[in-house]
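In what follows, a single structure is set out as structure tokens and then discussed.
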Amino acid sequence: MADNPAYQVLARKYRPQTFKDLIGQDAMVRVLKNAFAADRIAQAFIMTGIRGTGKTTTARIIAKGMNCVGPDGNGGPTVEPCGVCEPCRAIAEGRHVDVMEMDGASQTGVNDIRDNIISTVSYAPASARYKIYIIDEVHMLSTSAFNALLKTLEEPPAHVKFIFATTEIRKVPVTVLSRCQRFDLRRIEPEVMMTHLADIAGREGAEVGQDALALIARASEGSVRDAQSLLDQAIAHGQGETTADQVRAMLGLADRGRVLDLFDMVMKGDAAGALAEIAGQYADGADPMAVLRDLAEVTHWISVVKITPEAVEDPTVGPDERERGRDMAERLPMRALTRMWQMLLKALEEVAAAPNAMMAAEMAIIRLTHVAELPSPGDLVRKLKDGPPAGVSASPAPGPGGGGGGGTVARGPVAHHGAATAVARQPDDALARYQRFDQVVELIRANRDAKLLIDVETGVRLVNYAPGRIEFAPSDAAPRDLAARLGAALQRWTGVRWGVSVVADGGAPTIAETRDAEAEALRSKALAHPMMQAVLEAFPDARIVGIRTPEQIAAEAQVEALPEVDEEWDPFADDD
Ligand SMILES: Nc1ncnc2c1ncn2[C@@H]1O[C@H](COP(=O)(O)OP(=O)(O)O)[C@@H](O)[C@H]1O
Ligand SMILES: [Mg+2]
Ligand SMILES: [Zn+2]
């Protein structure tokens, strides 16, 4: 580029001179047209919108329109400036004496406003119809500058117009806003952007593939200026035709197909495959952050497609990918998608903070494959029939929160979580998973009946237990109706009758007593530890405030590694 003196960046070369060339801002243009037609041109305008959507461009077109005199020198204000009259040409070239352009970012002080605006407004325009002040990035003005400006805005001479532009409308004082007609410039839709880019590429005599344009359109996030700069670079990179691969490399993006591959592996719980894939992408130059961001983008896209299937027709997505997206949207439950999204956001934070981004990304991927693994209801029943998965305690696994396929689920040894519905089943089946009394206690816990749980833990001295039959001696803490309540609750949750009877005395210690005894034993054991004795000797006033066993610490570490899991969602979660 540098060796071509006539070269002009595309963004400058293709600045629209009229509203016909301005893309994606139809609503604003319509309002302006009506206002000009009705001769109700506001005293002050403010344009807001993200970078490169046409704010400065619009300001200049309006300025031209206000001062255009037409090719014959007799025209009035118009939204279609002729572009050939002297005012039009002077404004386009930035040399019109009555059109002042200020940059709020560099001229922020009250003196700038005083010198450039306040001291000159009262003079009539030198040659044009209106004196026009354009202030770009107006939100950058200091408070005193705003105050100075406000006085003029309140009572501007009839020959004066203001046009402000800002990317941060919230930083503009309401007092200023309330005196302006406001226009919100929109991000440009991908379709519109792609057509525009194709048009420029054509005029530049450059061959740029449709999917390459799609990638640029997507990367620009709706900013025409960004899209044009990217196109500029892409053309410079590309020899002959610019392909999607080149643009992808230029943008540091992974191949969309590969992102979908990775996403698929993660969702299937294939940790080894996912690690190999991310390593491959890394070797090909992908940034770990970018990979996770891609995954987040895919997660979002598939979620949207799930809700509005038309969204799959995104022009920036290739046909194969659309097909895959559609398929995944049908297959994956929304719970898994929202979960994935949440975890990716967390992972992005971690990767950003980690000393080694790739390591952090790999750890995140491993975690994602574990938690994102979502067996289908059929798989789940099969797994549960084959016994609880390794690493899960012998306590009964709560069933999936109402996963589909009611018939199959009801036959399997699956209890429903929460307000468990009593599904009619064979009594033997229903009782098979309550071989021990502690499994009954787990069931109470799973159903979140805290009162019953406490009463059972403190009140029941177990005398005899068989699935479906409980015999106990009440402790002093046991309420009188405990047997009746326990029987009714178990019947409600399991769908079969339980016989719960009370005997006068005997029985094992209550659960609470056992627990206290265990805690006491643990305490003595801790106290007997040489390290503890040394500590107590050195710090005689020290007290034991908590004891954690290595198992507890390991369990806690595991819980921390996984952000809290929606109980409805995780089919193997331990209770509470
Ligand atoms: N709506 C648009 N239609 C066509 N080109 C645009 C549009 N918005 C921005 N551009 C392109 O981007 C460049 C910068 O636009 P500009 O109006 O200065 O953006 P900003 O909104 O940041 O003020 C223009 O020269 C033009 O090439
Ligand atoms: Mg601008
Ligand atoms: Zn003109």
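The values are calculated or read from the model by the stated rules, or taken from the named source; none is laboratory data. Only a predicted model underlies this, so the values are computations on that prediction, with no experimental measurement involved. A quick note on method: Cβ atoms are made from the backbone with ideal geometry, for glycine too, and the neighbour counts reach across all protein chains shown.
Take residue 105 and tell me if it is hydrophobic (A, V, I, L, M, F, W, C), part of a loop (DSSP other than H, G, I, E, B) and within 16 Å of ligand 2 (Cβ to nearest atom).
Details: hydrophobic (A, V, I, L, M, F, W, C): yes; part of a loop (DSSP other than H, G, I, E, B): yes; within 16 Å of ligand 2 (Cβ to nearest atom): yes.
Yes: the conditions hold for residue 105.
Before we move on, is residue 288 closer than 16 Å to residue 329 by Cβ and not polar (S, T, N, Q)? Walk me through it before giving the result.
Values: closer than 16 Å to residue 329 by Cβ: no; not polar (S, T, N, Q): yes.
The answer is no for residue 288.
Quick one: how many residues across region 188-200 are modelled with pLDDT of 95 or more and of a type in the set (D, E, K, R)?
To start, the set of residues in region 188-200 that are modelled with pLDDT of 95 or more comprises 188, 192-200.
Those left that are additionally of a type in the set (D, E, K, R): 199.
Residues flagged as modelled with pLDDT of 95 or more and of a type in the set (D, E, K, R) within region 188-200 amount to 1.
Any residue that is closer than 15 Å to residue 318 by Cβ and part of a helix (DSSP H, G or I) - is there at least one of those in region 261-280? Don't jump to the end; show me each part of the working.
Taking region 261-280 and keeping what is closer than 15 Å to residue 318 by Cβ, we get 261.
Filter again for part of a helix (DSSP H, G or I), leaving 261.
Yes.
Spot the failing condition for residue 140; the list is (1) among the aliphatic types (A, V, I, L, M); (2) out of contact with any helix residue (DSSP H, G or I) (no Cβ under 7 Å at 6 or more places or on another chain); (3) surrounded by 21 or more Cβ atoms within 10 Å (Cβ to Cβ), and only one is missed.
Against the list (1) among the aliphatic types (A, V, I, L, M); (2) out of contact with any helix residue (DSSP H, G or I) (no Cβ under 7 Å at 6 or more places or on another chain); (3) surrounded by 21 or more Cβ atoms within 10 Å (Cβ to Cβ), residue 140 comes up short only on (3).
If you take the residues of region 235-260 that are charged (D, E, K, R) and in a loop (DSSP other than H, G, I, E, B), which of them is nearest to residue 204 (Cα to Cα)? Don't jump to the end; show me each part of the working.
Of the residues in region 235-260, the ones charged (D, E, K, R) are 241, 245, 248, 255-256, 258.
This time we only want the ones that are in a loop (DSSP other than H, G, I, E, B), so: 241, 255.
On the way: 241: 12, 255: 27 Å.
So the residue we want is 241.
For region 41-76, enumerate the residues that are more than 16 Å from ligand 3 (Cβ to nearest atom), among the charged types (D, E, K, R) and out of contact with any strand residue (DSSP E or B) (no Cβ under 9 Å at 6 or more places or on another chain).
Across region 41-76, the qualifying residue is only 51.
Just need a number here: residues in region 6-31 that are part of a helix (DSSP H, G or I) and either within 16 Å of ligand 3 (Cβ to nearest atom) or acidic (Asp, Glu) (or both). Show your work before the answer.
To start, the set of residues in region 6-31 that are part of a helix (DSSP H, G or I) comprises 10-13, 19-21, 26-31.
Checking which are either within 16 Å of ligand 3 (Cβ to nearest atom) or acidic (Asp, Glu) (or both) leaves us with 19-21, 26.
The number of residues fulfilling the criteria is 4.
Please count how many residues of region 228-270 are more than 23 Å from residue 193 (Cα to Cα) and among the hydrophobic types (A, V, I, L, M, F, W, C).
7
Can you name every residue in region 321-344 that is surrounded by 14 or more Cβ atoms within 10 Å (Cβ to Cβ) and either outside the structural domain of residue 306 (by TED's automatic domain parsing) or under 16 Å from the mean Cα position of the chain (by Cα) (or both)?
Correct list: 335, 336, 337, 338, 339, 340, 341, 342, 343, 344.
Residue check: is residue 271 more than 22 Å from the chain's Cα centre (by Cα) and either in the same structural domain as residue 365 (by TED's automatic domain parsing) or over 16 Å from residue 366 (Cα atoms) (or both)? Can you show your working first?
On the way: more than 22 Å from the chain's Cα centre (by Cα): yes; either in the same structural domain as residue 365 (by TED's automatic domain parsing) or over 16 Å from residue 366 (Cα atoms) (or both): yes.
So residue 271 fits the description; yes.
Would you mind telling me which numbered condition in (1) assigned to a helix (DSSP H, G or I); (2) in contact (Cβ under 8 Å) with a residue 40 or more places away in the chain residue 65 fails?
(2)
Has region 41-49 got any residue that is part of a loop (DSSP other than H, G, I, E, B), hydroxyl-bearing (Ser, Thr, Tyr) and either away from ligand 1 (no atom under 14 Å from the Cβ) or assigned by TED's automatic domain parsing to the domain that holds residue 166 (or both)? Spell out how you get there, then give the answer.
From region 41-49, those part of a loop (DSSP other than H, G, I, E, B) are 41-43, 49; that's our starting set.
Now restrict to residues that are hydroxyl-bearing (Ser, Thr, Tyr): none.
Looking for residues that are part of a loop (DSSP other than H, G, I, E, B), hydroxyl-bearing (Ser, Thr, Tyr) and either away from ligand 1 (no atom under 14 Å from the Cβ) or assigned by TED's automatic domain parsing to the domain that holds residue 166 (or both), one finds none in region 41-49, hence no.
Looking at region 142-234, what helices (runs of 4 or more DSSP H) fall wholly within it and have at least 2 residues that are of a type in the set (A, V, I, L, M, F, W, C), within 12 Å of ligand 1 (Cβ to nearest atom) and over 28 Å from the mean Cα position of the chain (by Cα)?
Values: elements: 143-154, 174-177, 190-203, 210-220.
Correct list: 190-203.
Pick from 94, 65, 73: which is assigned by TED's automatic domain parsing to the domain that holds residue 136, within 17 Å of residue 130 (Cα to Cα), among the small types (Gly, Ala, Ser) and more than 16 Å from ligand 1 (Cβ to nearest atom)? It would help to see each step written out before you state the result.
Numbers: 94 fails: more than 16 Å from ligand 1 (Cβ to nearest atom); 65 fails: more than 16 Å from ligand 1 (Cβ to nearest atom).
After ruling out the rest, the residue left standing is 73.
Here is a yes/no grid of residues against (1) at pLDDT below 90; (2) closer than 19 Å to residue 508 by Cα:
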| position | (1), (2) |
| --- | --- |
| 391 | yes, no |
| 396 | yes, no |
| 444 | no, no |
| 453 | no, yes |
| 456 | no, yes |
| 460 | no, yes |
| 469 | no, yes |
| 483 | no, yes |
| 489 | no, no |
